[in-house]
Amino acid sequence: MNDAPIEAPSGIQTRELLVSDYPLIAKLWAEADGVEIAEGDSPEEIGRYLSRNPGLSRVALDGARIAGAVLCGHDGRRGFIYHLAVAPAYRECGIAKLLVGECMAGLRAAGIVRAIILVAEDNPGGHAFWLRDGWEDISGATPMARDVA
């Protein structure tokens, strides 16, 4: 695993993802393969997530245009990365790797030693990306969920 800093592609800047980015981020997610918008993805809920995990979620910008975004947070023990998406015009130039690298650096700074992602079974391109980036399948574990409310 190589976690050396990644240089941003020419013209691309990154910063903390803000709740005010939500309208454009939601559009990016809706158009992205492998990103499922769920009941926990309203502006209010994303705002709460960002408040609980300041500075960890990231956005890549080309001027005012959003080129990519990712949600990142932790529970004090494990890190979690969600909804990594890069706009089609910006794919294959290192933006996804850059955003994930910034997430991992933020998690390390928070004292987190392991991160987890969920990759949709019908997203082979996403699965290949994560494997290339040093992630591994968790054998013997099945993700499960239950509504709280």
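All of the numbers you see were taken from the coordinates with simple rules; none came from a lab. Predicted model only: the values in this text are computed from it and were never measured. Because the Cβ atoms are built from the backbone with ideal geometry, glycine has one as well, and the counts that use them run over all protein chains shown.
Details
- Derived scalar couplings between HN and Hα for region 67-83 equal 9, x, 7, 7, 9, 8, x, 8, 10, x, 10, 10, x, 9, 10, 10, 6 Hz in order, rounded to whole Hz, by the Karplus curve 6.51 cos²θ - 1.76 cosθ + 1.60 (θ = phi - 60°), x for Gly and Pro.
- In the chain the longest region clear of GluC sites (Glu not before Pro) that are loop-assigned by DSSP and have at most 10 other C-beta atoms within 10 Å covers 40-91.
- Per the chain, cysteines lacking a partner by the 4.7 Å Cβ criterion: Cys93
- Two-site label geometry, Glu136 and Asp122: point separation in nm, points 7 Å out along Cα→Cβ: 3.0 nm
- Here the contact order of the chain, divided by its residue count and restricted to Cα pairs under 8 Å and six or more residues apart, works out to 24 percent.
- Trypsin sites (Lys or Arg not before Pro) restricted to region 104-148 and DSSP loop, no more than 15 other C-beta within 10 Å: Arg114, Arg146
- Distance distribution note for the chain: the fraction of Cα pairs above 25 angstrom is 24%.
- Computed helical MRE - 222 nm, the chain, DSSP H runs ≥ 4 contributing -39500 (n - 2.57), nearest 500: -9000 deg cm²/dmol
- Residues in region 124-138 that a label on Glu92 would reach, taking backbone N under 18 Å of a point 7 Å out along Cα→Cβ: 124-130, 132-133
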